[in-house]
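First up is the structure itself, then whatever we jot down about it.
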Amino acid sequence: MTFAPLPGRPQDRTSAFRLQLAELARLAGVDLPDRMPRDREWQGEARMAFRRALRTVETLPDLLFDPLLRTAVLDPDPSHNRLFVEPAVTVFGRRRVQTALIEYVRTGTDYERAGAARAWYWAQAPLRFRGGRTRVPTPESKAEFDAVGDLRAAWHEATLREFVSNDDLDVRRCILPGLPLNPRHYPADLHDLVAEAVHIARTHSDEYLRHRVEHQLG
């Protein structure tokens, strides 16, 4: 599964992420670096502090679940947010993480919805394949993939509805790369929404959306 890089965020929300990092650090007992002249450098150092602290954890107190996942959602970087998503999946379980991300899409702010879409990539159950050309998934990965099939369907429906109904550019940019655009992935009552989503992306003023939809349909 390969997604084209997302363009830069239309709005700068690093202050919310910085505050959330500080709150998570307080709750988890993680020492953050001193402030640096460039905020991006500080964020990188702060992420690494959490990476070192969470690298080998097998248990975390339940009170850290919401702050940990919220940090992942508010992280503006779609690559580095995995530092918070993957420990949450490991410790609290994939089903709980995915359920919470679906709720962010359904009821969160637009920035939280976009962040949940970025975080979902790392919360998915990956299929691992045996050698050769058959592309047969291993039984273990297939079982893990199937175990969250209901949540995958719920995610696709929630993000499809949000893409069509929400004209926030960041939400649409973040949702589209992971949105199936073949009607066979949806029940019949959602097929019209799939067609509407394709039309919105193809005719949108945003070049990224127009390019992305053709890449996915091609």
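The values are calculated or read from the model by the stated rules, or taken from the named source; none is laboratory data. Model, not experiment: these values are computed from the prediction. Cβ sites come from the backbone with ideal geometry, for glycine too, and all protein chains shown count toward neighbours. What goes into the accessible areas is simple: the full protein's heavy atoms, side chains included, and nothing from ligands, DNA or RNA. Shrake-Rupley method; radii C 1.70, N 1.55, O 1.52, S 1.80 Å.
Exposed loop sites, defined as trypsin sites (Lys or Arg not before Pro) outside DSSP H, G, I, E and B with at most 15 other Cβ atoms within 10 Å, are absent from the longest region of the chain, namely 136-218.
For Thr56 and Arg13, FRET efficiency with R0 = 25 Å and r from the beta-carbon atoms, rounded to 0.05? Write out the running numbers ahead of the final one.
Numbers: r = 31 Å, r/R0 = 1.22.
Once the sixth-power term is evaluated, E becomes 0.25.
Rolling a 1.4 angstrom probe over the protein heavy atoms, how many square angstrom per residue are accessible across the chain?
On the way: 11710 Å² over 218 residues.
Accessible area per residue: 54 Å².
Comparing Cα centroids, the stretch 86-123 and the stretch 28-54 end up 22 angstrom apart. Using a probe of 1.4 Å, the accessible surface attributed to Ser15 totals some 60 Å² when neighbouring protein chains are kept in position. For the chain, the longest principal axis of the Cα atoms and the long axis of helix 65-74 meet at an angle of about 70 degrees. Counting Lys and Arg as +1 and Asp and Glu as -1 over every other residue whose Cβ lies under 11 Å from the Cβ of His204, the net charge comes to +2. One way to sum up the overall shape of the stretch 52-151 is the equivalent ellipsoid from its Cα gyration tensor, whose semi-axes run 25, 16, 13 Å, largest first. Backbone geometry of the stretch 86-92 corresponds, through the Karplus equation with coefficients 6.51, -1.76 and 1.60 at θ = phi - 60°, to 3J(HN,Hα) couplings of 5, x, 5, 5, 4, 8, 9 Hz, x marking Gly and Pro. Taking each DSSP H run with n ≥ 4 as -39500 (n - 2.57) and averaging over every residue of the chain yields -19500 deg cm²/dmol at 222 nm.
Taking the Cβ of Arg35 as the centre, find all other residues whose Cβ is under 11 Å away and add up their charges (Lys, Arg: +1; Asp, Glu: -1). Mind showing how you got there, number by number?
Details: positive: Arg18, Arg38; negative: Asp34, Asp39, Glu41, Glu45.
Once all neighbours under 11 Å are counted, the net charge is -2.
For the chain, modelled as a GNM whose springs connect Cα atoms under 10 angstrom apart, the maximal fluctuation among Leu27, Leu83, Leu69 occurs at Leu27.
In this simple spin-label approximation, Ser141 and Arg95 carry label points 7 Å from Cα along the Cα→Cβ vector, and these lie 2.3 nm apart.
Round to a whole number: what % of the accessible area of the stretch 1-157 belongs to carbon and sulfur, probe 1.4 Å? Show your work: numbers first, answer last.
Details: 4380 of 8650 Å².
With neighbouring chains kept in place, the figure for the stretch 1-157 is 51 percent.
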